[in-house]
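To keep things clear, I will list the structure first and then write my remarks on it.
The values are calculated or read from the model by the stated rules, or taken from the named source; none is laboratory data. Treat the numbers as computed from the prediction; the structure is a model and nothing was measured. All Cβ positions, glycine included, derive from the backbone under ideal geometry; neighbour counts span all protein chains shown. Ligands, DNA and RNA are excluded from the accessible area calculation, which covers all protein heavy atoms including side chains. Shrake-Rupley method; radii C 1.70, N 1.55, O 1.52, S 1.80 Å.
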Amino acid sequence: MTQNLQSTTTLHNGVRMPWFGIGVFKVEEGSELVDAVKAAVKHGYRSIDTAAIYANETSVGQAIQEALQENNLSREELFVTSKVWNANLGYEETRVAYEASLDKLGLDYLDLYLIHWPVQGKYKEAWRALESLYKEGRIKAIGVSNFQIHHLEDLMKDAEIKPMVNQVEFHPQLTQVELLQFCQKNSIQMEAWSPLMQGQLLDHPVLQDIASKYGKSVAQVILRWDVQQGVVTIPKSTKAHRIIENADIFDFELANEDMERIQALNANLRVGPDPDNFDF
């Protein structure tokens, strides 16, 4: 199982994706974001997740360039993800959006490009664009975000290439067991966004009890629970000490009984929109 911060899972096309990365949702362009991404890379993070709608790709790109130089790393040592927004879903529109993201990031390629939301009637053409970019060697891996089982089944009916990743809201109060099982059965890597439920779980008594047992923080316990289930996780933080603390999950393992106690906290609660009832 996952041994360190740079351990990877192998996607179904052979591309290796880090189990652990930094997310930058709701972090605005500017020095705070640049410093956060640089702190993450300096500490050993190799995966960075952004999206066009976050409107921060330029600062992420600046941080990547500076971090590569300062840490003597090559571009190939980082795994960079971005996502196409709902307004740009469509064959030509998605291709244009990809070029715009690359331009803002200052990169020649992305390691992973995702359809951000399953907008009905639009995601299949967008997927066709991702497939073409992938076949052209412009993207290392392609996937989706916020897709439920029925969305995945519908997409795969016509797809030439099945998604390599499905990034969804996933935390102890939204365990998405059936979706995880479906993704595992179909060799689609599940990835958790908002793994800490935007901080809402940090005071939970059950999680605090488990954390004290292992001498870890609640955040570390939740993130460890992710990777022990085979779920890639990308917690967000802009504070260097928190970025370092979040990643300190590779020196312990949760017992089965504690995994089950966390699993039992599921309440199907979301902090983000419901993919089936989202006003796109």
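Structural remarks
- Residue within region 200-208 that is surrounded by 15 or more Cβ atoms within 10 Å (Cβ to Cβ) and under 20 Å from the mean Cα position of the chain (by Cα) present: yes
- Residue among Val227, Val221 that is touching a residue at least 60 places away in the same chain (Cβ under 8 Å), under 15 Å from Leu196 (Cα atoms) and open to solvent by less than 10 Å² (accessible area, probe 1.4 Å): Val227
- Pair list, Cβ < 9 Å and 6+ apart or interchain, from region 200-214 residues that are within 16 Å of Phe252 (Cα to Cα) to residues that are among the hydroxyl-bearing types (Ser, Thr, Tyr): Ala211/Ser217
- Within region 66-94, the residues that satisfy the criterion of being over 21 Å from the mean Cα position of the chain (by Cα) and either within 16 Å of Glu136 (Cβ to Cβ) or open to solvent by 80 Å² or more (accessible area, probe 1.4 Å) (or both) are Gln69, Glu70, Asn72, Tyr91, Glu92, Glu93.
- Any chance Ala100 is among the hydrophobic types (A, V, I, L, M, F, W, C), farther than 17 Å from Val34 by Cα and open to solvent by 10 Å² or more (accessible area, probe 1.4 Å): yes
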